[in-house]
Structure formats: C-alpha cells, structure tokens
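Visitor: Dropping the structure in here first, questions after.
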Amino acid sequence: MITYLFSFLSFLAIMFALMVVLSKNPVHSVLYLVLTFFTIAGHYVLLNAQFLAAVHIIVYAGAIMVLFLFVIMLLNLNKETEPQKSVWLKASAAIASGLLLVVLVGSLRGADTIVATNAFNPNIGLIEKLGKTLFGEFLLPFEVASILLLVAMVGAVMLGKRSIK
Amino acid sequence: MNAIEVIPLNWYLLLSTVLFTIGVLGVLFRRNAIIIFMSVELMLNAINLLLVAFSSYLSDSKGQVFVFFIMAVAAAEVAVGLAILMMVYRNTKSSDINVLNKLKW
C-alpha cells in the first residue's frame, strides 16, 4: 500500500517537474511547480514530517509561488514572448544533465547503507520535538535567519525603487 | 502507516537525485530568467526532501530544522532575485538572460 503510494507520488513529482522545464508558457510552468510542491508535501507526510508538510505548503505554494505568478503576470510574459535556445544548445543541455544523473546514480549505487544509531521515534516530525530542537540547540541560527529576512526585505525594496537619487 | 519501515532509504536518494537533475536541466535548457529561478527552487526542494528522509530514517530532528533554514534562505533569495529581475526587465524590456552578456568574456 505504502509502496504504491510512494511510487505514485514519485511518478507525479518527476512528471510535474519535467513539465515545469518543458512547458512553453511560463504561467503553466509555475502551476506545474505548485503541483510538484504538493507531491513533495505528500512525501513529507509519508515520512512522518507532518508539521514540515504544512509549512512547506504554506511557504512554497502559498507565498513563493504566488510571488512568481505575480511577477510573471506583471511582466506580461506568455508563449509569444518566450525566448528559446537553439536545438543544439537544448540537446547539449539534455546530454549534460543526463550525464550528471548517471554520475550521481552511479556514485550512490556503491554507497553503504547507513545504520540508525537512535531508537526509532515516530514523533520527531511533530511540532513539540521540532520546537524544542529549534529553540534550544538552534536558537542563534534562528535569530540570524530573522536578520537575513530583514536584510532581504530591505534589499528588495531598494532594488524595486525606480531611481535612487 | 509508516513509510520508513517499508521503503528503503535508497529510493528517496534516487528520487531526490532525479529531481535535482531536472532542476539542473531546467537551468541549462531555458533562457527565461524566471524559469531558471524556478529550477533553482526545484533543486532546493530536492535537497529538502533528502534532508527530511535522512532525518526520519535516523530519528533525528536536526535535519528537519535545517529544512526550515533552507526555506527561510529560499524565501529571501526569491524576494531579492525577483526584485533584480524586475530591474532587469525595466531596463532591457526582456527577461532573456542572453541580453545580460556584458560580463561575458
């Protein structure tokens, strides 16, 4: 049952990811990317990371993808204005990434299987355990992340201004 | 209902490798800068999936905390990147990366 679910979600994720790259219209690419993110959230649920699945849907599908869609609609990009690479460049891109896949899969095949040292705990993806780790051991990186978001916000506003006198 | 007792870790390794490679393919394949950004997001998500898989298999919540930080960095990157893209579009009237060849040797 779970194996079928995993195979189905993986198939959908790979198909939607390919459609992101191959579809001509940028708006369709964004919508396919949203579907890819939903399948990845399904994988998180399968892996007992329920809270992360919720955060993933809220942050990626809710915030980041809406930002992408907003910019695409603002720039009025569509099928007619879409720039295309030549056939040779496309073929060489496909060959290069295919070779990368072969190299990565080949290096993973020889890898040893890891052995879990901790006892199995099904609750690590729930908010209680995760919050204790985040606000205990990782408190300083958490605060630094807030500074990073502030800097990004200031930078985006600076870049978005029409001209700086 | 537990995936990690049924599915070997290698399957997740393979899945995130394939997703990462599709992201690399998107960066090499397209000329639209927004699609290239989206492919970078796809690569980040492949790595997130791998971190969550390792975290679940090793019963260690640190991996999932790292996924939070990657999400924060991705949000910051998208905000700044799309602002840069709007600037580029305002100056060149195009989102084609081949227009930006001033730094090319």
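The values are calculated or read from the model by the stated rules, or taken from the named source; none is laboratory data. As the structure is a computational prediction, the values presented were derived from the model and not from experiment. A quick note on method: Cβ atoms are made from the backbone with ideal geometry, for glycine too, and the neighbour counts reach across all protein chains shown. Areas reflect the complete protein model, heavy atoms only, side chains present, ligands, DNA and RNA absent. Shrake-Rupley method; radii C 1.70, N 1.55, O 1.52, S 1.80 Å.
Visitor: Got a sec? Charge dipole of chain B, +1 on Cβ for Lys and Arg, -1 for Asp and Glu; which of B:LEU15, B:MET71, B:PHE37 is way out at the positive end?
Guide: Of B:LEU15, B:MET71, B:PHE37, it is B:PHE37.
Visitor: While we're looking at this one, here's another question. Between the alpha-carbon centers of the range A:1-43 and the range B:53-105, tell me the distance in whole angstrom.
Guide: 19
Visitor: Further, regarding this structure: Mind scanning A:LYS90/B:LYS93; A:LYS24/A:LYS85; A:LYS85/A:LYS161; A:LYS85/B:LYS104; A:LYS24/B:LYS104 and naming the pairs with a C-alpha gap bigger than 20 Å? Working shown, then result.
Guide: Values: A:LYS90/B:LYS93 24 Å; A:LYS24/A:LYS85 12 Å; A:LYS85/A:LYS161 32 Å; A:LYS85/B:LYS104 18 Å; A:LYS24/B:LYS104 27 Å.
Over 20 Å apart, Cα to Cα: A:LYS90/B:LYS93; A:LYS85/A:LYS161; A:LYS24/B:LYS104.
Visitor: Order B:ILE97, B:ILE35, most accessible first, counting only protein heavy atoms with a 1.4 angstrom probe.
Guide: B:ILE97, B:ILE35
Visitor: For chain B, modelled as a Gaussian network with Cα springs under 10 Å, which listed residue fluctuates most, B:ASN45, B:ASN91, B:ASN32?
Guide: B:ASN91
Visitor: Quick one: how many Å² of A:THR113 are accessible to a 1.4 Å probe, rounded to 10?
Guide: Accessible surface of A:THR113 is approximately 110 Å².
Visitor: Compute, for the protein assembly as shown, the length of the dipole vector about the Cα centre, with Cβ point charges of +1 (Lys, Arg) and -1 (Asp, Glu) only. Units Debye, rounded to 20. Display every interim value, and only then the final one.
Guide: On the way: 17 positive and 11 negative charges, 243 e Å.
Dipole size: approximately 1160 debye.
Visitor: For every other residue with a beta carbon closer than 15 angstrom to the beta carbon of B:PHE66, add +1 if it is Lys or Arg and -1 if Asp or Glu, then tell me the sum. Walk me through the intermediate numbers first.
Guide: Working: positive: A:LYS129, B:LYS62; negative: A:GLU137, B:ASP60.
Overall, the nearby charge balance is 0.
Visitor: Now for a different question. Toward the positive end of the charge dipole of chain A, about the Cα centre and with charges on Cβ (Lys, Arg +1; Asp, Glu -1), which of A:PRO26, A:PHE51, A:LEU75 goes farthest?
Guide: Going by the charge dipole, the pick is A:LEU75.
Visitor: Which of the helices in chain A meet the span-like rule: DSSP H, Cα axial reach of 27 Å or more, Kyte-Doolittle mean at least -1.0?
Guide: On the way: long enough: A:2-22 (30 Å, 2.45); A:26-46 (30 Å, 1.46); A:87-109 (33 Å, 1.69); A:139-160 (32 Å, 2.25).
Answer set is A:2-22, A:26-46, A:87-109, A:139-160.
Visitor: Next question. Relative contact order, percent, of chain A when contacts are C-alpha pairs under 8 Å separated by at least 6 residues?
Guide: Working: 83 pairs, mean separation 34.0, N = 165.
Once normalised by length, the contact order is 21 percent.
Visitor: Stick to the Cα atoms of chain B, pair each with every other, and give me the Kirkwood hydrodynamic radius in Å at one decimal. Write out the running numbers ahead of the final one.
Guide: Working: mean 1/r = 0.0636 Å⁻¹.
Over chain B, the inverse of the mean reciprocal pair distance is 15.7 Å.
Visitor: In deg cm²/dmol, rounded to 500, what helix-only [θ] at 222 nm does chain A give when every DSSP H run of at least 4 residues adds -39500 (n - 2.57) and the total is split over its residues?
Guide: Numbers: 7 runs with 115 residues, N = 165.
The helix-only estimate for chain A comes to -23000 deg cm²/dmol at 222 nm.
Visitor: If you keep only loop residues by DSSP, which GluC sites (Glu not before Pro) in the range A:76-137 have at most 15 other Cβ atoms within 10 Å of their Cβ? Present the calculation step by step, with values, prior to reporting the outcome.
Guide: Numbers: sites: A:GLU80, A:GLU128, A:GLU137; in loops: A:GLU80, A:GLU137.
Qualifying residues, ordered by number: A:GLU80, A:GLU137.
Visitor: So what is the relative contact order for the range A:1-94, in percent, with contacts set as C-alpha pairs under 8 Å and at least six apart? Provide the component values of the computation, followed by the final result.
Guide: Working: 65 pairs, mean separation 26.7, N = 94.
Relative contact order for the range A:1-94 comes out at 28 percent.
Visitor: Okay, next question. Quick one: divide the alpha-carbon radius of gyration of chain A by 2.2 N^0.38 Å and tell me what you get. Present the calculation step by step, with values, prior to reporting the outcome.
Guide: Values: Rg = 20.6 Å, N = 165, 2.2 N^0.38 = 15.3 Å.
Working it through for chain A, the quotient is 1.35.
Visitor: Another question, then. Determine Rg/Rh for the range A:1-94; Rg is computed over alpha-carbon atoms and Rh is the Kirkwood hydrodynamic estimate from the same atoms.
Guide: Values: Rg = 15.7 Å, Rh = 14.8 Å.
With Rg and the Kirkwood Rh in hand, the quotient comes to 1.06.
Visitor: Over the whole of B:47-56, what's the average partner chain Cβ count within 10 Å per residue? Rounded to a whole number, please. Display every interim value, and only then the final one.
Guide: Numbers: counts 0, 6, 7, 0, 2, 11, 5, 2, 7, 11.
Mean shielding count: 5.
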